[in-house]
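Colleague: Okay, handing you the structure first.
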Amino acid sequence: MLDAIDARNWRGLAEELETCCWSGLFAQMAAEQKLFSIEDSLDAINQKLERRHPHVFGSGTAKTPEEVKLRWDEIKAQEKAEKSQTPELLGSVRGRAGAAEASQLTSRAAGVGFDWPNAARCSRNWMRS
């Protein structure tokens with residue numbers, strides 16, 4: 001999110017905020033159903049920040065922003081590997097609603113250079129079926 005702000009990438013910021021809004025909405029819905037509390041969600045965020053910033057909360061060291069980002073990415077990759085053996089493209093989106101999963105997969109595919117040759121035509125054909 002901070003990268004989008006620094007780059008004045010308002011579209012990117014809007015996408016980041018959309019994710020935050022959905023997270024808050026789902027946390028509220030879960031709390032209302034007494035599945036877990038919003039405090040549980042905040043505690044999970046806190047634990048993640050502590051795990052991924054050992055130079056702040058532990059004995060790790062990082063002298064530059066690049067080192068911080070590198071260590072964050074390494075820890076994140078290690079966490080994903082421990083959670084699942086599924087391919088990176090599909091890994092963390094399982095269990096989401098279909099439209100949310102499709103959106104996430106589309107974003108990930110675009111991130112590695114894939115794009116539909118004619119998305120508008122694909123959408124029209126899908127709508128007819």
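Here, each number is a calculation from the coordinates, and none is a lab measurement. Not measured: the values here are computed from a predicted model. Ideal geometry is used to build each Cβ from the backbone, glycine not excepted, and the neighbour counts take in all protein chains shown.
Colleague: What are the ³J(HN,Hα) couplings of region 45-54, residue after residue, when phi is run through the Karplus curve with 6.51, -1.76, 1.60 and θ = phi - 60°? Round to Hz, x for glycine and proline.
Modeller: With coefficients 6.51, -1.76 and 1.60, one gets 4, 4, 4, 4, 4, 5, 5, 8, 10, x Hz.
Colleague: Now, a different point. Using each residue's phi in region 12-17, evaluate 6.51 cos²θ - 1.76 cosθ + 1.60 at θ = phi - 60° and report the 3J(HN,Hα) Karplus result to the nearest Hz, with x for Gly and Pro.
Modeller: Per residue, the Karplus-derived 3J(HN,Hα) values read x, 5, 4, 5, 5, 5 Hz.
Colleague: With θ set to phi - 60°, apply the Karplus curve 6.51 cos²θ - 1.76 cosθ + 1.60 along region 23-30 and write out the HN-Hα couplings as whole Hz, x wherever there is a Gly or Pro.
Modeller: 4, x, 4, 5, 4, 5, 4, 5
Colleague: If packing is taken as the average count of other Cβ atoms within 10 Å, what order do 3-9, 103-109 fall into, highest mean first? Walk me through the numbers before you get to the answer.
Modeller: Details: 3-9: 11.1, 103-109: 14.3.
The peptides rank, most packed first, as 103-109, 3-9.
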